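*Asks:* Before we start, here is the structure in question, set down as structure tokens.
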Amino acid sequence: MTAFLNAAFRALRIIGRILIFIFLVLLAIGNTHQVNFHLIPGIQWDLPLILVLFIAFITGILLTLLSGLTIRRSQQDRR
């Protein structure tokens, strides 16, 4: 029974990853409009919207990981 459940969960993970990949591809195809991106005053770039969204997503992930590492280190220092 355990082997069957492991195989079923593995199949569900693969199907889930495929669905997420398809969703992200459709999102990228639908968001190719050019947007003005202002990072520093006086400097602007015309970038595809999906690229701006991707940069924001990756930045959020990196900041979350960084804050998690900082919290973990402070907890280890207390011990």
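*Asks:* Which pairs turn up if I take residues in segment 12-37 that are within 13 Å of residue 54 (Cα to Cα) and touching a residue at least 60 places away in the same chain (Cβ under 8 Å) and look for partners that are open to solvent by 90 Å² or more (accessible area, probe 1.4 Å) and of a type in the set (Phe, Trp, Tyr) with beta carbon separation below 8 Å, at least 6 apart in sequence or on another chain?
*Replies:* No pair meets every condition.
*Asks:* Take segment 45-79 and flag every residue that is open to solvent by 100 Å² or more (accessible area, probe 1.4 Å) and assigned to a strand (DSSP E or B).
*Replies:* Within segment 45-79, 45 is the sole residue that qualifies.
Each row is one residue, and each column tells you yes or no for (1) surrounded by 10 or more Cβ atoms within 10 Å (Cβ to Cβ); (2) part of a helix (DSSP H, G or I); (3) touching a Lys or Arg at 6+ places or on another chain (Cβ under 6 Å); (4) at pLDDT below 90.
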| site | (1), (2), (3), (4) |
| --- | --- |
| 3 | no, yes, no, yes |
| 11 | yes, yes, no, no |
| 20 | yes, yes, no, no |
| 27 | yes, yes, no, yes |
| 37 | yes, no, no, yes |
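The values are calculated or read from the model by the stated rules, or taken from the named source; none is laboratory data. Everything numeric in this text was worked out from a predicted model, so none of it was measured. Counting neighbours? That spans all protein chains shown, and the Cβs are built from the backbone with ideal geometry, glycine included. Ligands, DNA and RNA are stripped out before the accessible areas are found, and what is left, the full protein with its side chains, is counted by its heavy atoms. Shrake-Rupley method; radii C 1.70, N 1.55, O 1.52, S 1.80 Å.
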